[in-house]
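Novice: So that we are looking at the same thing, I have put the structure below in structure tokens.
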Amino acid sequence: MLTFVGLGLGNWKDITLRGKEAIDGADIIFAEFYTSHLINSTVEELERAFGKKIILLSREEVESGARVLSEAENKNVVLLVAGDSMIATTHVALRIMAKERGIETEIVHNASIVTAAPGLLGLQNYKFGRTVSLPFPQENYFPTSAYDFIAKNKECGLHTLVLLDINPRPMTANEAMQLLLRMEEVRKEGVISEKTLIAVVARAGSEDCLVRAGPLGELISEDFGPPLHTLVLPGNLHFAEEEALRALAGLR
């Protein structure tokens, strides 16, 4: 048996009862925190809270699946992930590999930034378009695919959730906004400017969660505190959404 357990967004206390039952009954517990990680709990804190040894996997180990699936063929294995257990396509691929080897799987869902960010900002979830990821630029490599998807969502009047890179460290909202302006300098298609309405969600799921909305040119210099940070570029706003951004996120 291979059970995928979502840990939620904040700390070890966000585990569901079903998730805790799966951990209690596991022979081996793996975890991966390269797609995301908890804001307020380390692996050591999870081990103390759950009373079990947790083996942290690398990205390569999760993507190949060999180590996890080898153990799951004759043991009860749990894979812990931050947020929801099935948001990352990597986890879906691992589940498919398990099915192909005749290994039974189970999914224990939890809160995800995909639902938390709209809820915190008061935006309607069904009005979001494609989610985009913003990676750190590398030497001689500055990807702008996020710009294309933001443009398409904007054209359709849809909101865009922008997930920020966490490797080799968590990207800040300020760095992300700077990257978006750099993309505009490269593409010059008028999609993003300092007047663009943008929203920042900082530390979703934590007790010190912060949300702000306003023109990019104003927010880019604000201090949003420690990561994890997420951006939302609103599309066409319903009057109730605009009211929520004013009441909940300080939009003026």
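Novice: Report the antiparallel proportion of the DSSP beta bridges in the chain as a percent, rounded to a multiple of 5.
Specialist: Roughly 45 percent of the DSSP beta bridges within the chain come out antiparallel.
Novice: What is the spin-label model distance, in nm, from LYS195 to ASP223 if the labels are put 7 Å beyond Cα along the C-beta direction?
Specialist: Distance between the two pseudo-spin positions: 3.1 nm.
Novice: May I pose another question? Roughly what % of DSSP beta bridges within segment 2-108 run antiparallel, to the nearest 5?
Specialist: 5
Novice: May I ask which residue of LEU216, VAL201, SER112 lies farthest towards the positive end of the charge dipole of segment 76-225, with charges of +1 (Lys, Arg) and -1 (Asp, Glu) on Cβ and the Cα centre as origin?
Specialist: Of the listed residues, the answer is SER112.
Novice: For segment 209-252 and segment 79-150, what is the separation of their C-alpha centers, rounded to whole Å?
Specialist: Between the Cα centres of segment 209-252 and segment 79-150 lies a distance of 21 Å.
Novice: Express in nm, to one decimal, how much length is gained between ILE107 and HIS238 on full extension, taking 0.36 nm for each residue of separation and deducting their alpha carbon distance. Walk me through the intermediate numbers first.
Specialist: On the way: separation 131, 0.36 × 131 = 47.16 nm, distance 3.48 nm.
Extending this stretch completely gives an extra 43.7 nm.
Novice: Starting from 0.36 nm per residue, how many nanometres of slack lie between SER145 and ILE96 once their C-alpha separation is accounted for? Kindly include the intermediate steps, with their values, before the conclusion.
Specialist: Values: separation 49, 0.36 × 49 = 17.64 nm, distance 2.76 nm.
Computed gain between SER145 and ILE96 is 14.9 nm.
Novice: Taking the Cα centre of segment 113-249 as the origin, how large is its charge dipole in debye, to the nearest 20, when only Lys and Arg (+1) and Asp and Glu (-1) carry charge on their Cβ atoms? Before the final figure, lay out the partial values.
Specialist: Details: 12 positive and 17 negative charges, 65 e Å.
With only Lys, Arg, Asp and Glu charged at Cβ, the dipole is about 320 debye.
Novice: What is the extension gain from GLU207 to LYS152, computed as 0.36 nm multiplied by their sequence separation minus the C-alpha to C-alpha distance, in nm to one decimal? Don't jump to the answer; show the numbers that get you there.
Specialist: On the way: separation 55, 0.36 × 55 = 19.80 nm, distance 3.43 nm.
Full extension of this stretch gives 16.4 nm more.
Novice: Choose one of SER85, GLY235, VAL68: the residue whose Cα lies farthest towards the positive end of the charge dipole of the chain (beta-carbon charges +1 Lys, Arg; -1 Asp, Glu; about the Cα centre).
Specialist: GLY235
Novice: Looking only at GLU218, GLU139, GLU21, which one moves most when the chain is put into a Gaussian network model with springs between Cα atoms under 10 Å?
Specialist: Checking each option, the largest mean-square fluctuation is seen for GLU139.
Read-outs: derived from the displayed coordinates by stated rules, not from any lab. None of the values given here were measured: they were computed from a predicted structure. Every residue, glycine as well, gets a Cβ built from its backbone with ideal geometry; the counts of neighbours run over all protein chains shown.
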